[in-house]
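Report on the following structure.
FYI, it's all coordinate maths here, none of it is from the lab. Since we're looking at a predicted model, the values are computed, not measured. Counting neighbours? That spans all protein chains shown, and the Cβs are built from the backbone with ideal geometry, glycine included.
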Amino acid sequence: MRDVCIVGGGVAGLAASIFTARAGLDTLVVDGDDDESILARNASLENYPGFPLGVDARQYLRLVREQADNAGATFHEGRVTGVEPVDEDDLEEGFVLETEDGDSLETRRVIAASWPDSEYLVPLDVGRIQRGSKYMISVDEGGRTAVDGIYAAGRIAGEPHQTIVAAGHGAKVGLAVIHDSDANFYHDWVAPEGYFTGRGREVPPACEEIDDEERRERDDRARERLLEAFEEPLDERPTMHPSVAEDED
Ligand SMILES: Cc1cc2nc3c(=O)[nH]c(=O)nc-3n(C[C@H](O)[C@H](O)[C@H](O)COP(=O)(O)OP(=O)(O)OC[C@H]3O[C@@H](n4cnc5c(N)ncnc54)[C@H](O)[C@@H]3O)c2cc1C
C-alpha cells in the first residue's frame, strides 16, 4: 500500500510528487504511456517565472520529472481506467487504481492530475463538473474532493490553463496530502546554518539548516546540471493539435 498515487505526470502531478516524496511519503506517479502533458504542445514557454526570455517547454518538463525522481518519487507507465475503494465502508483502507494494461495499484490516497477527463473517477462520485467537453472535479482549497482520500490538482481541478498555476496548485495539493497524513507543521525549507538554532530554536520538522560549504556544493551541482541541460537545444518539435496533425497526414 503506497501513501499516495498521482494520476498524471504533467506539471501539476509532478509538482505534487516533489512535495509528497520530499516529505517521505511513498509516492507513485502514474502517467499514460502514449500520452503526454498538454504543455508538450507549447512552442515557447515565456510566462513561467525564472526564465526571463522563456524556456523550451519539453526541456522544462524533463527537468521537472528529473526533480521528482531525485525527490524519491517512483513512476509507473500506464493509463488509469478506474479507481475503487479497497473497502467501500472504510475509505481509510485506501484505493485500487486499475490501468489499461491490467495493473492494480494500491494506495492510501489519490491525486487526480490528469487531463480534464475524469472518467476513471465516475464510480466514486467525487463531484464532477461539466465544462463543454471537459469534466473537471470540484475541490476545496486543498484540492480535497467529496471523497475522503481523493484529491485533484491542476487543470482537472478547474484551475486556470497556465503552467505556473498548475505547478503551484500541484504543490498546494501535495501539501494538503502531507497535512492529512498527520504532519502538523510543514514547511519544506532549506535555511542557512543558525537561522533557527542561532535563536535557540530547534530546526522545525521538514526544515533543514545547511552551512556555507554545503550551500556552495549544492549550488555548484545545481549550476552544472542546468548548464548541461541547456548546452544544446532539444531536438523535439511541439506536438501539434490532433485535428491539425491528421489534416497534415
Ligand atoms: C498549444 C498550447 C500552448 C500552451 N502554452 C502555454 C504557455 O505559453 N504558458 C502557460 O503558462 N501555459 C501554456 N499552456 C497551458 C499548459 O500547458 C497547461 O495549463 C498545463 O500543462 C496544465 O498542467 P496539468 O498538470 O494540469 O496537465 P498536463 O500538463 O496536461 O498533465 C496531465 C498528465 O496526465 C496524463 N494523463 C491523462 N489521462 C491520464 C490517465 N487516465 N491515466 C494516467 N495519466 C493520464 C497525461 O499523460 C499528462 O502527462 C499551453 C497549452 C497548449 C495546448
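With charges only on Cβ, +1 for K and R and -1 for D and E, what is the dipole size of the chain about its Cα centre, in debye, rounded to 20?
Numbers: 24 positive and 55 negative charges, 221 e Å.
The dipole of the chain has a size of about 1060 debye.
For Asp140 paired with Cys207, estimate the spin-label separation in nm (one decimal), with each label point 7 Å from Cα along the Cα-to-Cβ line.
2.7 nm
What does the extension gain come out to for Glu236 and Thr81, with contour length at 0.36 nm per residue minus their alpha carbon separation?
This chain segment gains 52.9 nm when fully extended.
Using a cut-off of under 17 Å, list every residue of segment 142-178 whose amide N is near the label point 7 Å from the Cα of Asp125 along the Cα-to-beta-carbon line.
Under 17 Å, as judged by backbone N against the label point of Asp125, lie 145-150 of segment 142-178.
Would you be so kind as to identify which of Val122, Val190, Ile137 lies farthest towards the positive end of the dipole of the chain, taking Lys and Arg as +1 and Asp and Glu as -1 on Cβ and the Cα centre as origin?
Val190
Compute the relative contact order of segment 189-249 as a whole-number percentage, counting only Cα pairs closer than 8 Å that sit 6 or more residues apart in sequence.
On the way: 26 pairs, mean separation 15.7, N = 61.
Result for segment 189-249 is 26 percent.
What distance in nm separates the two pseudo spin-label positions at Glu228 and Glu214, each 7 Å out from Cα along the beta-carbon direction?
According to this spin-label approximation, the distance is 2.3 nm.
Multiply the residue gap between Asn70 and Asp117 by 0.36 nm, knock off their C-alpha separation, and tell me the result in nm, one decimal place.
Here the segment from Asn70 to Asp117 would lengthen by 14.0 nm.
Using amide H atoms built in the peptide plane, which far-off residues or other-chain residues are under 5 Å from Ser181 H to H?
none
Going by amide H atoms built from the backbone, whose H comes under 5 Å of the H on Thr81, apart from near neighbours?
Result for Thr81 returns Glu98, Thr99, Glu100.
Counting each DSSP H run of 4 or more residues in the chain as -39500 (n - 2.57), what helix-only mean residue ellipticity at 222 nm follows after dividing by all residues, to the nearest 500 deg cm²/dmol?
Values: 5 runs with 70 residues, N = 249.
Taken over the chain, the calculation gives -9000 deg cm²/dmol.
Charges only on Cβ, +1 for Lys and Arg, -1 for Asp and Glu: so what's the dipole of segment 1-42 about the Cα centre, in debye to the nearest 20?
Numbers: 3 positive and 7 negative charges, 52 e Å.
Computed charge dipole of segment 1-42: roughly 240 debye.
Provide the net charge surrounding Ala73, with neighbours chosen by a C-beta distance below 13 Å and charges set as Lys +1, Arg +1, Asp -1, Glu -1. Let's see the in-between values first.
Numbers: positive: Arg2, Arg22, Arg65; negative: Asp3, Asp26, Asp31, Glu66, Asp69.
Taking every Cβ under 13 Å from that of Ala73, the sum is -2.
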